[in-house]
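What follows is a single structure, written as structure tokens, with notes after it.
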Amino acid sequence: LLSTARGATAEGSPTRDAKVGQPKGLSEYGWGETAYAQSSASQPQMGRQWEGDFCVLGIETSCDDTAAAIVHSNGTILGESKRTQDELHAKWGGVVPGLARDAHQEAIEQVVEEALSNAGLAPKDVDAVAVTMGPGLEICLRVGFQKARDIALTFERPFVSVHHLEAHVLTVRQSDPSIKFPFLVLLVSGGHCQLLVAVAVGEYKMLGGTLDDSLGEAYDKSARMLGLDVGGGGGQVLETLAKAGDPLAVKFGVPMKTRKDCHFSFAGLKTAVRLAIQKAGGNLTAPLANSS
């Protein structure tokens, strides 16, 4: 899956034009139609052993949640477990990779054991082991990979590498099996904000993506400029306040509304928030003063 690097041609030579006006994640990790759909790795070779009933142990450690689940081939979650790190990172105003990795290492054994126990299964009972391999924080992804690898090797089970963004896209078919290919997807995950068409498993057409700041980054920085606690995410705290606020108090423009494509831009909105705070008398050098 790690094919064409972002901002480089298929031959590997970086080009200036490839970096201008292109959404983030277009060819990152071979994602999108630039390389991923054509990759042989993206076309699973499903043998007869994957027909009928089977269950998979899935492990996720891409950011600040340590999670595991046992999923049946019909989409039923047989057992799951999760540890969050919200309190750990709250005082830092965002996820600290090193702290996140250490928390994953401390929790991974118990999380996997709980998921298996809740499913009434032992590691030898699962038919395959799947794990998120990227995008994500590399040192955090490594924790999940090592645990999944160890189980797969110990019990001689197939190891399945999962693309983080593809998993988000396909989850909708788990929750609603009536959804058929092709379908339109708005994907908002971490640094990625993408509009794409899911044609089939392993085949996706990118319609648009983020040209600059991610939506989450815009929310987090806006919340920090207001002096708010962003431990649980800037979007969450801003939404809570907005529900009790005046929707007509500040008028913001709609980014790129005259541009005839499906790309997104959030850097301008972040700047508009900063100017609105300054106009209202807010002190950006001492943002805690704005929280009142």
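The values are calculated or read from the model by the stated rules, or taken from the named source; none is laboratory data. Predicted model only: the values in this text are computed from it and were never measured. When we count neighbours, we look across all protein chains shown, and the Cβ atoms used for this are built from the backbone with ideal geometry, even at glycine. With ligands, DNA and RNA removed, areas are computed over all heavy atoms of the protein, side chains included. Shrake-Rupley method; radii C 1.70, N 1.55, O 1.52, S 1.80 Å.
Looking across region 155-179 at every residue that is outside any loop (DSSP other than H, G, I, E, B) and in contact with a helix residue (DSSP H, G or I) (Cβ under 7 Å, 6 or more places away or on another chain), the one that is surrounded by the fewest Cβ atoms within 10 Å (Cβ to Cβ) is identified as Phe159.
So how many residues does region 118-154 have that are among the polar types (S, T, N, Q) and assigned to a strand (DSSP E or B)? Give the derivation first.
Filtering region 118-154 down to residues among the polar types (S, T, N, Q) leaves 118, 132, 146, 154.
Those left that are additionally assigned to a strand (DSSP E or B): 132.
The qualifying residues number 1.
Taking first residues from region 81-94 that are open to solvent by 30 Å² or more (accessible area, probe 1.4 Å) and among the polar types (S, T, N, Q) and partners that are modelled with pLDDT of 85 or more and not in a strand (DSSP E or B), the Cβ contacts under 8 Å between residues at least 6 apart in sequence or on separate chains come to Thr84/Asp64.
Looking across region 230-269 at every residue that is over 22 Å from the mean Cα position of the chain (by Cα) and of a type in the set (Asp, Glu), the one that is nearest to Gly209 (Cα to Cα) is identified as Asp261. Here is a check on your reading of the model: is Gly21 at pLDDT 95 or above, open to solvent by less than 50 Å² (accessible area, probe 1.4 Å) and more than 20 Å from Val160 (Cα to Cα)? Here the answer is no, as Gly21 does not meet what is asked. When Ala115, Ala68, Ala107 are checked against the criterion of being in contact (Cβ under 8 Å) with a residue 24 or more places away in the chain, assigned to a strand (DSSP E or B) and of a type outside the set (Lys, Arg), Ala68 stands alone in meeting it.
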